[in-house]
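This report concerns only the one structure given below.
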Amino acid sequence: MTAFHDTDDETTRTDPDLAAPWAYATAATRRLGVPDGIEQRLLHLRQRERISVPFEHDDGTLDVCEGYRVRHDGVRGSFLGPHRYYPALNGDDCAGLAAATTVSAAIADLPFGGAAGGVAVDPTALSRDERSRLTRSYARRIEGVDRGDDVLVPEVGTDRRTMARFADAVADDVDAPRTAAVAGKPPAIGGLREIDRAGGHGLAHVTREVLETDHDRPLSDATIAIYGTEACGVAAARLLEFRGGSVVAMSSDRVGLVAPDDGSGLDTNLVPSYLERPGALAEYDDGTVTGTENVLECDADALVLAAPATTITADNADGIRADLVVEGTVGAVTPDGQRALDERGIDVVPAVLATAGRPIAAHLEWIRTVGRDRMSDARVTNEFAYALTDAVEDVRDRRERCDLSWRAAAYSVGCSRVAAAHEVIR
């Protein structure tokens, strides 16, 4: 299965391989020698819902979409996880995302379990009012959220406004929205100003940590290729450039841009808007328009995979030239692709570590929402950075002590912490 068909202006991408977290978690629990009873808890879902989500279109017609909410493991705390609006979403995808979130939250040592959910719908085909009615319908139909068991965070196809509508829909009354049920909400109802960029900022932070400490490559001397112009990829590119890195290639799902050979790098403030409007690329003269495969195969110190799609497989892994691959979305690298990169000595930082910024930011917002700590924005920024650095160091330590890959070490850290929580309550 190839991740794309490369042309100068069109790419067909596959949906991410979201079954992979189960395989990695299974390998980790067996390597750790987790007791069978606890292993079974880790490798099975706590709850899986599939619901019909009716909503009214602006013209008065009724539509019904499939909705999902999957809860994996809540031994460490409330069920935290991404909320997606995506046409091809299904229950198996949500199960994989939920398992990955359990591991990611444990790597960051947060008091959360993993969950995921959403609706199989194309949000771009809906008006603002239609999205509102869809969100409220979904919120009223899933179980458990009114007990405070869930914390939803925005992801593919959802945003701050989605979270605000969700919070209001599960409110006891319209004047007191249950804002602790969501993170990533607008600051006006208790959200953090920077949380919508937390995924990208976390991705940039982890990339810099691994480049500088493990690859002995200062960010000021590093070149980075960014595959994917979704919000996470754009935020990561801009922060990496701001901190001194040189972004030498970027791509959307259809077309890419490669920087000139003069070492100047791309302007990350301009390039994303051009990539989203391929017809305007003729006006951009500070880079070379190219196919997306050339961005993947760019000769860079780090390749950041920020598109919500399977990107590296066994079929194209041989063309990767970066020394470091950072997986910015779960399932971006298939298990066969991982093995091919391992054989070539290319480090792959898995999404459960590289995207740990999202659950960390969600936790900081959750703390503020429930009134436990009214920390300032500056303190939030510092706490975010410290928590990410600790997560990377914990995985690095396990990797070095046990001679593991980044992925195996990350799952080992996460699964061991979840297993330990189960052990103490047995």
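Some observations on this one:
- Looking only at region 24-50, residues that are in a strand (DSSP E or B) and over 24 Å from the mean Cα position of the chain (by Cα) come to 0 in all.
- Residue 396 vs. criteria modelled with pLDDT of 95 or more, open to solvent by 10 Å² or more (accessible area, probe 1.4 Å) and out of contact with any His (no Cβ under 9 Å at 6 or more places or on another chain): yes
- Any chance residue 311 is surrounded by fewer than 21 Cβ atoms within 10 Å (Cβ to Cβ) and either modelled with pLDDT of 90 or more or within 30 Å of residue 343 (Cβ to Cβ) (or both): no
- Count of region 36-59 residues, restricted to those that are farther than 18 Å from residue 140 by Cα and of a type in the set (A, V, I, L, M), is 4.
- Residue 114 being surrounded by fewer than 24 Cβ atoms within 10 Å (Cβ to Cβ), touching a residue at least 12 places away in the same chain (Cβ under 8 Å) and out of contact with any Pro (no Cβ under 7 Å at 6 or more places or on another chain): no
- Residue 75 being assigned to a loop (DSSP other than H, G, I, E, B) and either within 20 Å of residue 369 (Cβ to Cβ) or open to solvent by 10 Å² or more (accessible area, probe 1.4 Å) (or both): yes
- Of all residues in region 296-307, those that are more than 17 Å from residue 213 (Cα to Cα) and touching a residue at least 12 places away in the same chain (Cβ under 8 Å) have Cβ atoms under 7 Å from Cβ atoms of residues that are of a type in the set (Lys, Arg) and surrounded by fewer than 24 Cβ atoms within 10 Å (Cβ to Cβ), 6 or more apart or on another chain, in 297/321; 298/321; 299/321; 307/13.
- For region 80-129, a residue qualifies if it is part of a loop (DSSP other than H, G, I, E, B) and more than 15 Å from the chain's Cα centre (by Cα), and the qualifying residues are 87, 88, 89, 90, 109, 110, 111, 120, 121, 122, 126, 127.
- The condition (being of a type in the set (S, T, N, Q), under 19 Å from residue 351 (Cα atoms) and at pLDDT 90 or above) is satisfied by just one residue among 29, 14, 61: 29.
- Matching residues in region 146-186 - criterion: being more than 18 Å from residue 361 (Cβ to Cβ), in a loop (DSSP other than H, G, I, E, B) and at pLDDT 70 or above: 149, 157, 170, 171
The values are calculated or read from the model by the stated rules, or taken from the named source; none is laboratory data. For clarity, every value in this text was computed on a predicted model and none was experimentally measured. Glycine gets a Cβ as well: all are built from the backbone with ideal geometry, and neighbour counts include every protein chain shown. These area figures cover heavy atoms from the full protein model, side chains too; ligands, DNA and RNA do not enter into them. Shrake-Rupley method; radii C 1.70, N 1.55, O 1.52, S 1.80 Å.
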